[in-house]
Structure formats: structure tokens, C-alpha cells
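One structure is given here, and the rest of the page talks about it.
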Amino acid sequence: MRHEIATFAGGCFWCIETVFNRLRGVESAVSGYMGGETDNPTYEAVCEGDTGHAEVVQVGFDADEIGFRDLLDVFFTIHDPTQLNRQGNDVGTQYRSAIFWHTPEQKAEAEAVIAGLAASGQFDAPIVTEIAEATTFYPAEDYHQRYFEHNPHQPYCHFVVAPKVEKARSRFADRLK
């Protein structure tokens, strides 16, 4: 078993965390904050847009069972990497698309995948996903962890998170737990 860490930002962390937690080989997917200037940010401060943090999900995974490339494939399927500082109605730098790399190999892989997606013409607009070195990860407050599982009928979960989960389920059925 080779334990590795990956960190992704792609809009509201509830969406990404929910999908990654369903993948075989993913040991943990924790909602949190990264990429800002404030120590120990709170959800309220991040939502104000003044801390510079993105809502992220830090994924612990067994690289012998699921590779970083596989995680990137899922990441680029469940969010729109062409929207600058937003995902749907969630607007602000805290909702930016970003890959925070932990190793030079992750950085190179992320750059290669983005270049391949750009060349493929899969998206109608340029990919704006930021690739940045991982900084301090601050776990989000407890009530954000596994939010979808605890609140499946909450309107945001029903209308935003659930369709992303279903998209991942249909596209990556062979990779689900």
C-alpha cells in the first residue's frame, strides 16, 4: 500500500468530497481550506472571500489501488474547469478550480492532463484550473464533513450535489466502493 495525498478545489467542497469518498482506493476525503493567507480560517471568513482560501478536499488514497491520474479524471468530470472563480451559482475565489500538488510528479501529471484536455477540444472554453503547490490544509468545521450523507434532502444537496454524484456513478461505476 502506498499512501498519498491529493488536494482539489472545484467549487463547493461538499460536491467533490462526496464523490471522492465513494471511490475504491480513497481512504479519506476531507473538506477544508487551502491557498490563502489567514491562519485557521473559518467557513464564514472564507465565504466572505477575504482570506484567499479555496474550498478544497484533501484526498488520502492508496496509490496501488487508484492513481493520481484516476483522481484527475474524476475531478475534471465533476466540475467545470473553464469557469473562473465560480461553479454554477457559487461565485468567488473560494470556488476556484485548482489542483494543489504535493509532489513534483503530481504537478507534472496535472499539467499533462490539462494540456491533453485543452488539445482534445472537450471543453468549449479555455481551462482555468490553477496548479499550485500545496500549502497548509485547514480542515473545515465538523458539520461540513460528509455533509451530503447527513443532509441529502437539503435543497443544495438535492439540486447540485446529487447530480454530480450521479454523473460520477454512471461514468466511473467500475471505480466505486
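Just the residues that are assigned to a helix (DSSP H, G or I) and of a type in the set (A, V, I, L, M, F, W, C), please, taken from the range 135-177. Please lay out each step first, then the result.
So in the range 135-177, the residues assigned to a helix (DSSP H, G or I) come out as 142-144, 147-150, 155-171, 173-175.
Phe148, Cys157, Phe159, Val160, Val161, Ala162, Val165, Ala168, Ala173 - these are the residues of the range 135-177 that are assigned to a helix (DSSP H, G or I) and of a type in the set (A, V, I, L, M, F, W, C).
Would you pick out the residues in the range 80-90 that are of a type outside the set (S, T, N, Q) and either surrounded by fewer than 20 Cβ atoms within 10 Å (Cβ to Cβ) or in contact with a Lys or Arg (Cβ under 9 Å, 6 or more places away or on another chain) (or both)? Give the derivation first.
In the first step, residues of the range 80-90 are kept if they are of a type outside the set (S, T, N, Q); the result is 80-81, 84, 86, 88, 90.
Once the filter is applied, which keeps residues that are of a type outside the set (S, T, N, Q) and either surrounded by fewer than 20 Cβ atoms within 10 Å (Cβ to Cβ) or in contact with a Lys or Arg (Cβ under 9 Å, 6 or more places away or on another chain) (or both), the range 80-90 yields Asp80, Leu84, Arg86, Gly88, Asp90.
Tally up the residues in the range 1-17 that are within 19 Å of His79 (Cα to Cα) and over 10 Å from the mean Cα position of the chain (by Cα), please.
Let us first name the residues in the range 1-17 that are within 19 Å of His79 (Cα to Cα), namely 6-17.
From what is left, the residues that are over 10 Å from the mean Cα position of the chain (by Cα) are none.
Adding up the residues that qualify gives 0.
Given Ala112, Ala98, which one is modelled with pLDDT of 95 or more, crowded, with 18+ Cβ neighbours inside 10 Å and of a type in the set (Gly, Ala, Ser)?
On the way: Ala112 fails: crowded, with 18+ Cβ neighbours inside 10 Å.
Result of the check over Ala112, Ala98: Ala98.
Which of the residues that make up the range 124-158 are among the hydrophobic types (A, V, I, L, M, F, W, C) and under 20 Å from Ser97 (Cα atoms)?
Of all residues in the range 124-158, those among the hydrophobic types (A, V, I, L, M, F, W, C) come to 125, 127-128, 131-132, 134, 137, 140, 148, 157.
Hits for the range 124-158 are Ala125, Ile127, Val128, Ile131, Ala132, Ala134, Phe137, Ala140, Cys157.
Going through the range 1-47 one residue at a time, which ones are acidic (Asp, Glu) and farther than 18 Å from Tyr143 by Cβ? Before you say what the answer is, go through the steps one by one.
Of the residues in the range 1-47, the ones acidic (Asp, Glu) are 4, 17, 27, 37, 39, 44.
Hits for the range 1-47 are Glu4, Glu27, Glu37, Asp39.
Report, by residue number, each residue of the range 96-126 that is touching a strand residue (DSSP E or B) at 6+ places or on another chain (Cβ under 7 Å), touching a residue at least 24 places away in the same chain (Cβ under 8 Å) and of a type outside the set (A, V, I, L, M).
Of everything in the range 96-126, those that are touching a strand residue (DSSP E or B) at 6+ places or on another chain (Cβ under 7 Å), touching a residue at least 24 places away in the same chain (Cβ under 8 Å) and of a type outside the set (A, V, I, L, M) turn out to be Arg96, Ser97, Phe100, Trp101, His102, Gln106, Lys107.
Identify, from the list Thr51, Thr38, Thr77, the residue that is crowded, with 16+ Cβ neighbours inside 10 Å, polar (S, T, N, Q) and either farther than 19 Å from Gly92 by Cα or free of Cβ contacts under 8 Å to residues at least 60 places away in the same chain (or both). Full working, then the answer.
Working: Thr38 fails: crowded, with 16+ Cβ neighbours inside 10 Å; Thr77 fails: crowded, with 16+ Cβ neighbours inside 10 Å.
The conditions single out Thr51.
What is the one condition in (1) touching a residue at least 60 places away in the same chain (Cβ under 8 Å); (2) buried (at least 17 other Cβ atoms within 10 Å of the Cβ) that Thr93 does not satisfy?
(1) is the only condition that Thr93 fails.
Here's a check for you: in the range 117-142, which residue that is hydroxyl-bearing (Ser, Thr, Tyr) and surrounded by 16 or more Cβ atoms within 10 Å (Cβ to Cβ) is nearest to the chain's Cα centre (by Cα)?
Filtering the range 117-142 for residues hydroxyl-bearing (Ser, Thr, Tyr) gives 120, 129, 135-136, 138.
Then drop every residue that is not surrounded by 16 or more Cβ atoms within 10 Å (Cβ to Cβ), which leaves 129, 138.
Numbers: Thr129: 11, Tyr138: 14 Å.
Result: Thr129.
The values are calculated or read from the model by the stated rules, or taken from the named source; none is laboratory data. Bear in mind the structure is a predicted one, so any value in this text is a computation, not a measurement. Counting neighbours? That spans all protein chains shown, and the Cβs are built from the backbone with ideal geometry, glycine included.
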